[in-house]
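Chemist: I'd like to ask you about the structure that follows.
The values are calculated or read from the model by the stated rules, or taken from the named source; none is laboratory data. If you're wondering where the values come from, they're calculated on a predicted model, not measured in any experiment. Counting neighbours? That spans all protein chains shown, and the Cβs are built from the backbone with ideal geometry, glycine included.
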Amino acid sequence: MTDNLIQGFADLLDRAGNVVVFTGAGISTESGIPDFRSPGGVWDKNQPIYFQDFISSEDARRETWRRKIETDKVMTRARPNRGHMAISKLVAMGKVSNVVTQNIDGLHQASGVPETQIIELHGNSTYSTCLECGSRYENEPIKEAFAKDGTLPVCDDCGGHVKTATISFGQAMPEEPMFRARAAALDCDLFISIGSSLVVFPAAGFPVMAKENGAALVILNRDPTEMDDLADIVLNTEIGETLGAVVAFD
C-alpha cells in the first residue's frame, strides 16, 4: 500500500507545474533537532517567554538568552538531512517554486535552497535583529559576551533590544512572509505539507487555502493530522526516506 502511495505522490509531482512545499518541525527531527511541542520537549520543561515580557523585563531577556545558548548546543550542530536535500533538488530542478516553513533552524538554506525561494513564517534563529531599527547581528559574539559576564545585547545603532530573528509567543506574525505564503498557496497546483502537525494557525491554513483553490494536496507526516481528510495522498512514513524515494522516481 505504501509503495502505491509513494508512486501516486511521484505521479502528482511529475504532473505538477508549480509546487509549493510547506515544512514543519518533523523534517528537522531527522537532523537531531527536537520538536519543541512533543512530550518532554522544551515547552514541557519551560514556560514560553512572551514577547511583551521580553520587552518589559530584563529577567525575561536574560532567561531568553540563557535558553538560546542551551538550545544552540543542539541546533548549531544540525545539518540538512535526506528530506532537506530532496526538497533542494526539486527546487534546483525548477519543480518547486517556494518552500514555506514554520522552522527557524536555517536548514533549508544550508541545503542549498536560495534565500529568495524560502518563506520563513516564524523567523530564523541563526541570527538576531534589533527590535527597533532592524539591524542584523550575528549570534556568536552575543552569546560569548552573555556567557562571559551576563551582558545583554543592545543595538549599536539605536540602543534597542536585540533578539533572535524569530517570532515569539504574543508577537505579531510578519506581514510580508504571510503575504508571500498566501500568494504561493493560491498560485500552486500541488501543495506538499511535510512534517507539520497542522495545528498552528494561521500557518496551518495554507494547505486548506491551496486545496480549496484547486491544488492537489499531499500530507507527509509521521502521525495523522486533522487535515488528512482533505488530502489527495497521506503518507505517515519517515520523511527523509519517503522524499528520497519520490525524488528518485524522477
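Chemist: Please name all residue pairs, on different chains or six or more residues apart, with Cβ atoms under 6 Å, provided the first residue is in the stretch 55-70 and is surrounded by 14 or more Cβ atoms within 10 Å (Cβ to Cβ) and the second residue is of a type in the set (A, V, I, L, M, F, W, C).
Modeler: Correct list of pairs: A60/I49; A60/F54; R61/F54; R61/L152; T64/I49; T64/F54; W65/F146.
Chemist: In the stretch 16-40, which residue that is charged (D, E, K, R) and farther than 17 Å from R79 by Cβ is modelled with the highest pLDDT?
Modeler: Taking the stretch 16-40 and keeping what is charged (D, E, K, R), we get 30, 35, 37.
Then drop every residue that is not farther than 17 Å from R79 by Cβ, which leaves 35, 37.
Values: D35: 73, R37: 56.
Checking each candidate, the answer is D35.
Chemist: Quick check on the stretch 189-204. Is at least one of its residues of a type outside the set (A, V, I, L, M, F, W, C), in a helix (DSSP H, G or I) and assigned by TED's automatic domain parsing to the domain that holds T2?
Modeler: Checking the stretch 189-204: not a single residue is of a type outside the set (A, V, I, L, M, F, W, C), in a helix (DSSP H, G or I) and assigned by TED's automatic domain parsing to the domain that holds T2.
Chemist: With exposed (fewer than 12 other Cβ atoms within 10 Å of the Cβ) and either at pLDDT 95 or above or of a type outside the set (F, W, Y) (or both) as the only criterion, which of D105, D157 stands out?
Modeler: Working: D105 fails: exposed (fewer than 12 other Cβ atoms within 10 Å of the Cβ).
Sole residue among the options that is exposed (fewer than 12 other Cβ atoms within 10 Å of the Cβ) and either at pLDDT 95 or above or of a type outside the set (F, W, Y) (or both): D157.
Chemist: Taking T116, is it among the polar types (S, T, N, Q) and farther than 20 Å from I55 by Cα?
Modeler: On the way: among the polar types (S, T, N, Q): yes; farther than 20 Å from I55 by Cα: yes.
Taking the combined requirement at face value, the residue satisfies it.
Chemist: Quick check, is I49 more than 24 Å from T237 (Cα to Cα) and more than 19 Å from the chain's Cα centre (by Cα)?
Modeler: Numbers: more than 24 Å from T237 (Cα to Cα): yes; more than 19 Å from the chain's Cα centre (by Cα): yes.
Judged against the criteria, I49 is a match.
Chemist: Among the polar types (S, T, N, Q), touching a helix residue (DSSP H, G or I) at 6+ places or on another chain (Cβ under 9 Å) and not assigned by TED's automatic domain parsing to the domain that holds W65, is that true of Q109? Lay out the reasoning, then the answer.
Modeler: On the way: among the polar types (S, T, N, Q): yes; touching a helix residue (DSSP H, G or I) at 6+ places or on another chain (Cβ under 9 Å): yes; not assigned by TED's automatic domain parsing to the domain that holds W65: yes.
Yes; evaluated as a whole, the condition is true for this residue.
Chemist: Applying the selection to the stretch 100-142, what residues are assigned to a loop (DSSP other than H, G, I, E, B) and over 12 Å from the mean Cα position of the chain (by Cα)? I'd like the intermediate steps shown before the answer.
Modeler: Going residue by residue through the stretch 100-142, those that are assigned to a loop (DSSP other than H, G, I, E, B) are 102-106, 111-114, 121-122, 131-135.
Answer for the stretch 100-142, where residues must be assigned to a loop (DSSP other than H, G, I, E, B) and over 12 Å from the mean Cα position of the chain (by Cα): S111, G112, V113, P114, L131, E132, C133, G134, S135.
Chemist: Which residue pairs have Cβ atoms closer than 6 Å, lie 6 or more positions apart in sequence or on different chains, and pair a first residue in the stretch 151-174 that is at positive phi with a second residue that is in a loop (DSSP other than H, G, I, E, B)?
Modeler: That search, which allows pairs on different chains as well, returns G170/Y50.
Chemist: Does at least one position in the stretch 135-147 carry a residue that is within 20 Å of Y50 (Cβ to Cβ) and either outside the structural domain of M93 (by TED's automatic domain parsing) or not acidic (D, E) (or both)?
Modeler: Within the stretch 135-147, the first condition is being within 20 Å of Y50 (Cβ to Cβ), and the residues that meet it are none.
Within the stretch 135-147, not a single residue is within 20 Å of Y50 (Cβ to Cβ) and either outside the structural domain of M93 (by TED's automatic domain parsing) or not acidic (D, E) (or both).
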